[in-house]
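The structure under discussion appears below in the form of structure tokens.
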Amino acid sequence: MADTTFGPQGWTPERLENLAGKTFLITGANAGAGFQAARLLLKKNAKVVMLNRSAEKSATAVQELKSEFGADTDVSFVRMDLSELASVRSAAEEVLKTVPKIDALICNAAIAQVPTQKITVDGFESQLGTNHYGHFLLCGLLFNRIEQSQGRIVVVASLGYNMGIKTIQFDDMNWDENYSANPVYSQSKLAQMMFAYELQDKLDAAGKAVQVYVCHPGASATSLISTSGGLMTRSLWWLMSKTPLVQSAEKGAYPEVMCATENGLDQRALYGPTGRMQTGGPVGKGTLNPHAYDKNVMAKLWTVSEQATGFEWGL
Ligand SMILES: NC(=O)c1ccc[n+]([C@@H]2O[C@H](COP(=O)([O-])OP(=O)(O)OC[C@H]3O[C@@H](n4cnc5c(N)ncnc54)[C@H](OP(=O)(O)O)[C@@H]3O)[C@@H](O)[C@H]2O)c1
């Protein structure tokens with residue numbers, strides 16, 4: 001049944017109040033939905049710190065945002081490559097030195113549909129390494145600051161979690177035997193969701209108040225596929241993005257901005273567009289299929305992720 005909490009138009013940025021004094025960290029905010037999320041938050045006077053892999057693209061994004069909102073706009077970036085654990089560690093260190101308060105950490109960055117198996121410097125399949133392990137470590141390193149700030153964590157997932165094998169291939173996490181772009185991307189997004197839901201359980205058990213929300217942007221015209229997808233996927237996506245089946249990157253940012261700011265949302269949920277096939281339309285609470293919070297799988301994934309990243313959350 002459609003979620004009518006926010007009326008027939010669903011959640012829109014008109015619901016945003018003045019965000020002066022609030023700080024939002026967004027990974028991958030130089031492009032796509034992350035950039036649009038930064039715009040929506042800055043428009044309401046928030047402070048935004050982008051965590052991006054390219055210093056050059058970040059400088060351009062900062063310049064663009066300052067020319068739209070004024071030279072005093074509080075937007076900056078810290079260089080971080082999620083595909084390298086060492087880079088995540090040094091970025092987190094810099095954040096802890098320079099950002100006293102984190103109202104929300106939005107885990108938005110991702111690569112998708114990588115056509116052939118690539119392995120990160122730390123030895124992980126690239127989508128799992130970047131999308132899941134990178135964010136797992138980042139969230140862990142920044143957790144105390146988020147907790148002190150009474151902040152929240154937002155995980156940007158994908159409807160892709162419903163595709164592929166719908167579980168974690170623990171016996172071959174790098175897909176050495178059966179690599180295929182879409183199932184492997186799907187698994188990395190499912191892993192991000194399982195991380196979020198398992199974190200909710202652990203925080204609940206530990207009596208900690210940090211909220212963790214999960215959302216997705218539907219089908220949005222961003223640079224995701226052109227950045228990392230293969231030729232065929234890029235061509236198909238390009239064609240599709242010219243049709244009404246694909247919405248704007250700005251609309252794709254609504255769910256993550258909503259999850260970073262709105263009060264009274266449900267944690268064990270998946271927020272996103274609720275229109276046709278949940279790829280577009282009014283933003284609200286969508287369908288969440290139970291394989292995303294299969295307790296045995298998500299608990300095991302947590303242990304595997306702590307071992308892989310060499311980081312223990314202590315929860
Ligand atoms: N667009 C869709 O239809 C769609 C559908 C479902 C889910 N999503 C999810 O939505 C989120 C936003 O993606 P988008 O569609 O806005 O894609 P996008 O336009 O490609 O933006 C992705 C951002 O992530 C950054 N990034 C990639 N690899 C990185 C790394 N190793 N370290 C740090 N940053 C990195 C990119 O940086 P560069 O600019 O340097 O590449 C870019 O800033 C992702 O989590 C994606 O999985 C998107």
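For this structure, a couple of remarks:
- Against the list (1) within 25 Å of Ile119 (Cα to Cα); (2) in a loop (DSSP other than H, G, I, E, B), the condition Gly281 fails is (1).
- Against the conditions (1) of a type in the set (A, V, I, L, M); (2) over 21 Å from Thr222 (Cβ atoms); (3) in a helix (DSSP H, G or I); (4) in contact (Cβ under 8 Å) with a residue 60 or more places away in the chain, Ile102 satisfies every one except (3).
- Close contacts from region 146-167, counting a first residue that is charged (D, E, K, R) and a second that is at pLDDT below 95 and more than 9 Å from the ligand (Cβ to nearest atom), with Cβ to Cβ under 9 Å and a gap of 6+ residues or different chains, come to Glu147/Ala209.
- Close contacts from region 177-202, counting a first residue that is more than 14 Å from Ala157 (Cα to Cα) and a second that is of a type in the set (S, T, N, Q) and surrounded by fewer than 19 Cβ atoms within 10 Å (Cβ to Cβ), with Cβ to Cβ under 6 Å and a gap of 6+ residues or different chains, come to Tyr179/Gln117; Gln200/Gln267.
- When residues of region 136-159 are limited to those that are surrounded by fewer than 20 Cβ atoms within 10 Å (Cβ to Cβ) and outside any helix (DSSP H, G or I), the one farthest from the ligand (Cβ to nearest atom): Gln150
- Residue check, Ser76 part of a strand (DSSP E or B), more than 16 Å from Ala33 (Cα to Cα) and of a type outside the set (Lys, Arg): yes
- Matching residues in region 31-76 - criterion: being surrounded by fewer than 15 Cβ atoms within 10 Å (Cβ to Cβ) and among the β-branched types (Val, Ile, Thr): Thr60
- In region 20-30, the qualifying residues are those that are crowded, with 22+ Cβ neighbours inside 10 Å and not hydroxyl-bearing (Ser, Thr, Tyr), and the one that is farthest from the ligand (Cβ to nearest atom) is Phe24.
- Subset of region 93-112 (residues that are within 16 Å of the ligand (Cβ to nearest atom) and under 22 Å from Pro255 (Cα atoms)): Ala104, Leu105, Ile106, Cys107, Asn108, Ala109, Ala110, Ile111, Ala112
- Each residue in region 205-249 was checked for being in a loop (DSSP other than H, G, I, E, B) and either more than 26 Å from Gly264 (Cα to Cα) or more than 7 Å from the ligand (Cβ to nearest atom) (or both), and 16 pass.
- Leu190 being buried (at least 19 other Cβ atoms within 10 Å of the Cβ), within 12 Å of the ligand (Cβ to nearest atom), at negative phi and among the hydrophobic types (A, V, I, L, M, F, W, C): yes
The values are calculated or read from the model by the stated rules, or taken from the named source; none is laboratory data. Remember, it's a predicted structure, so these values are computed and weren't measured experimentally. Cβ atoms come from the backbone with ideal geometry, glycine included; neighbour counts cover every protein chain shown.
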